[in-house]
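All of the numbers you see were taken from the coordinates with simple rules; none came from a lab. Only a predicted model underlies this, so the values are computations on that prediction, with no experimental measurement involved. FYI the Cβ positions are ideal-geometry reconstructions off the backbone, even for glycines, and counts take in every protein chain you see.
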Amino acid sequence: MNHLMRGLAPISDAGWKEVDAEAKERLHTHLAARRLVDVAGPHGWQYSATDLGRTTSLKESSLPDGEEGVVVRRRRVLPLAEVRVPFTVSRQELDDAERGADDLEFDDLDRAAKQIAMIENRAVFHGWAAAGMTGIADTCPYDKPALGENAEAYPGVIARAVDTLRRAGIDGPYGLAIGPSGYTRIVESTEHGGQLVFDHVRRVLGGGKIVRAPGLDGAMVLSLAGGDFFLELGQDLAVGYSHHDAENVTLYLEESFSFRVSEPDAAITLTV
């Protein structure tokens, strides 16, 4: 038995298999940030903090009397944040899973997956001050070009952003993270001559990724070379058990993570 308490749930192995598969599918749709940054771990539920490799010097007055000439430093770490989002599953649906049903209703799981993915995405892109995390957009040192609403102009704006990164010594390939409405414009639009905007943008990025990013305000061009942005996982996203009654089983999605920016120059934020 671990902290997820799955063994206490009135769910068979077959039922858990269905729940886990549904959770994985829904999370994959919404998790955007971890497709663009370095991911370390998972290190396990007991992992508590990211080592920053830095120290803070303590004053001699913090030592007992008579301990002069001693140098004391405190290691600096970034604590991981724990996130838990509950959801319910009908016991009838779980029974139907046992019978082999393949059209199960997991609407509340979909809602929970969107919510927890949004929390992770926003922590990476825009920071989470209460948890001590600074986002990529918060550290961007460049002016913020505007994409606008005309998708035909996107390749030019993105090309100038890529050129800005190159001139700053930031290697590619490069990725584009963009909010859902902007992503839809890229996918649906063509340029004069019938060329897809999506294909043009990918060439501008040097073959990098274009990622639909729920939770991101505007868009962002960033280096995919690695070593610039770090998402560290303690507990990776997993389903745990809370409680149940005669009708429903209350479960939850849970993870623990930290995020830090190592190279602020490696990304440029675009407004809409």
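So for the pair VAL187, ARG167, with labels modelled 7 Å out along Cα→Cβ, what separation do we get in nm?
3.4 nm
Dipole size in debye (nearest 20) for the chain around its Cα centre, Lys and Arg Cβ +1, Asp and Glu Cβ -1? Kindly include the intermediate steps, with their values, before the conclusion.
Numbers: 28 positive and 42 negative charges, 234 e Å.
Result for the chain is approximately 1120 debye, rounded to the nearest 20.
Once you keep just the Cα pairs under 8 angstrom separated by 6 or more residues, what percentage relative contact order results for the range 71-175? Write down the numbers at each step before the final one.
Details: 56 pairs, mean separation 17.1, N = 105.
Value for the range 71-175: 16 percent.
Counting only C-alpha contacts under 8 Å and six or more residues apart, can you give the relative contact order of the chain as a whole percent? Display every interim value, and only then the final one.
Numbers: 536 pairs, mean separation 81.0, N = 272.
Result for the chain is 30 percent.
Quote the charge dipole size of the range 51-147 about the Cα centre in Debye, to the nearest 20; the model charges only the Cβ of Lys and Arg (+1) and of Asp and Glu (-1). Could you put the intermediate results ahead of the total?
Details: 13 positive and 19 negative charges, 160 e Å.
Its charge dipole is roughly 760 debye.
Got the relative contact order for the range 161-206 handy, in percent, Cα pairs under 8 Å and 6 or more residues apart? Spell out each step's value before the answer.
Values: 24 pairs, mean separation 19.1, N = 46.
So the answer I get is 42 percent.
Choose one answer from GLY148, GLY127, GLY69: the residue with the largest mean-square fluctuation in a GNM of the chain with alpha-carbon springs under 10 Å.
GLY69
To make sure I understand, if each residue's beta carbon is the centre and we count other beta carbons within 10 Å, what order do GLU82, GLU255, GLU68, GLU188 fall in, fewest to most?
Details: GLU82 14, GLU255 23, GLU68 7, GLU188 11.
If I rank by nearby Cβ atoms, fewest first, I get GLU68, GLU188, GLU82, GLU255.
When GLU263, GLU120 are ordered from fewest to most other Cβ atoms inside 10 Å of their Cβ, what list results? List each step's numbers first, then the result.
Working: GLU263 15, GLU120 25.
If I rank by nearby Cβ atoms, fewest first, I get GLU263, GLU120.
Starting from the Cα-Cα distance between ALA40 and ARG75, subtract it from 0.36 nm times their residue separation and give me the gain in nm to one decimal.
On the way: separation 35, 0.36 × 35 = 12.60 nm, distance 2.04 nm.
Between ALA40 and ARG75, full extension yields an extra 10.6 nm.
Picking from LEU196, PRO10, LEU222, whose Cα lies most toward the positive end of the charge dipole for the chain (charges on Cβ: Lys, Arg +1; Asp, Glu -1)?
So the residue furthest toward the plus end is LEU222.
Quick one: length gained pulling ALA246 to LEU58 fully straight, 0.36 nm per residue minus the C-alpha distance? Walk me through the intermediate numbers first.
Values: separation 188, 0.36 × 188 = 67.68 nm, distance 5.72 nm.
Here the segment from ALA246 to LEU58 would lengthen by 62.0 nm.
In terms of Cα to Cα distance under 22 Å, which lysines are near enough to LYS144, apart from those fewer than 8 places away along the same chain?
LYS209
When percent of Cα pairs over 33 Å apart is calculated directly from the model, which label among (1) 37; (2) 19; (3) 11 fits?
Checking each listed value against the structure points to (1).
Which length gain, in nm to one decimal place, applies between ASP143 and TYR47 when the Cα-Cα distance is subtracted from 0.36 nm times their residue separation? Walk me through the numbers before you get to the answer.
Working: separation 96, 0.36 × 96 = 34.56 nm, distance 3.75 nm.
Additional length available on full extension: 30.8 nm.
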